[in-house]
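In what follows, a structure is listed as C-alpha cells, so that the remarks can point back to it.
Laboratory data are not the source of any read-out in this text; all were calculated from the coordinates shown. Small disclaimer: the values here were computed from a predicted structure and weren't measured. A quick note on method: Cβ atoms are made from the backbone with ideal geometry, for glycine too, and the neighbour counts reach across all protein chains shown.
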Amino acid sequence: MKVSVSILSSSIKASDIVKELDKTNADFIHLDIMDGKFVENKTWTFSEIKKITSYSKLPLDVHLMVKNPEKYIEDYAMLNTTYLAFHYEAVKDINKMIDLVKNYGLKVGIAINPETNEEVLYPYLKDIDEVLVMSVHPGKSGQSFIDASVNKIKNIKDEIIKQNTNTIVSVDGGINNETALLCKEAGVDRLVSASYLHNNLKENINILKNI
C-alpha cells in the first residue's frame, strides 16, 4: 500500500514532521493547500512550503483546496511534485484544468468532497492519474472517517476496471489502521493520513503500508 503523509497538524510543526520522513517508509508528502475561500482554513504560503519541503527528498502529493487552482500550478511544478490534485467542485472547465496540469509534466488528480457523487468523475477517468476521495469534509485535520466513502471507493474502482484505465484511487481523511483496511478492501491504492501517523510516524507508516 502506498502511504502519503499529510503534514497538516494543529499540534506539531510541519517542518518537524517533514524532517523525520526520510527515516521512514513513506511514499509521499501530502500537502493540503488551503486558501481560506474554498475551505474556511488557510494553510501555508508557497514560500513557506518551499522551505518546509526542503527538509526531505520525498516526492510531493499536492492537494489544492482552493478556488482558483490554475494560479498555483506553476509554483508547485517547480518543487519535487509528482501528483497535483484539484477539486471537482472548484473548477468550471475540468478538461482545461487537466490539460494545464499535464502541460507542466505533473500527474493530475481530481478530488471530490463527501457530498459529491462519484459518477461525475467517470467521464474523466481516462484522462487523469488519480481520484482523491475525501472521507472527511475538507479543511481540518482530526475528523472522523465518513463510512459512505467505502462504497464510493468501490464504485470508482469498479468503473476504472470497466474503462481499463491506469487511474489510482486515493483516500484522505480519518485514516487509521481500521479505516485503512476498509478502504483497501474497497480497492484503494493510496492512503493519505495525518493525525494517526503523527502519533508515531515510523511505526504507523509501516502499519498502513502493510495493511
GNM flexibility winner over the chain from Ser193, Ser149, Ser15 (Cα, springs under 10 Å): Ser15
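So if I place +1 on the C-beta of Lys and Arg and -1 on the C-beta of Asp and Glu, and nothing else carries charge, what would the dipole magnitude of the chain be about its Cα centre? I want it in debye, nearest 20.
420 debye
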If all Cα-Cα distances of the chain are sorted into 10 Å bins from 0 onward, what percent lands in each bin, rounded to whole numbers? 9, 38, 40, 13, 0
Among Phe28, Ile205, Ile52, whose Cα projects farthest towards the positive end of the dipole of the chain, with charges put on the beta-carbon of Lys, Arg (+1) and Asp, Glu (-1)? Ile52
HN-Hα J couplings of the stretch 54-68 from phi, Karplus 6.51/-1.76/1.60, θ = phi - 60°, integer Hz, Gly and Pro as x? 5, 7, 9, 9, 5, x, 9, 10, 9, 10, 8, 9, 9, 6, 10
Of the GluC sites (Glu not before Pro) in the stretch 94-175, those whose Cβ has at most 14 other Cβ within 10 Å and which sit in DSSP loop: Glu115
Provide the per-residue ³J(HN,Hα) series for the stretch 94-105, in order, calculated from phi with Karplus coefficients 6.51, -1.76, 1.60 and θ = phi - 60°, each as a whole number of Hz, with x at glycine and proline positions. 5, 4, 5, 5, 4, 5, 4, 5, 5, 5, 8, x
Under 5 Å from the placed amide H of Thr81, counting only residues 5+ away or on other chains, we find Leu60
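If each residue of separation counts as 0.36 nm, what is the full-extension length gain between Thr45 and Ala77 once their alpha-carbon separation is subtracted?
10.0 nm
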What longest range of the chain stays clear of loop-exposed trypsin sites (Lys or Arg not before Pro) (DSSP non-H/G/I/E/B, at most 13 other C-beta within 10 angstrom)? 93-211
Which residues does a label at Gln163 reach in the stretch 80-98, if reach means a backbone N under 19 Å from a point 7 Å past the Cα toward the Cβ? 83-98
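Quick one: Met134, Met34, Met1, fewest Cβ neighbours within 10 Å first, how do they rank?
The most exposed by this proxy come first: Met1, Met34, Met134.
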Using θ = phi - 60° and the Karplus form 6.51 cos²θ - 1.76 cosθ + 1.60, what ³J(HN,Hα) does each residue of the stretch 114-125 get, whole Hz, x for Gly and Pro? x, 7, 8, 5, 4, 5, 5, 8, 4, x, 9, 4
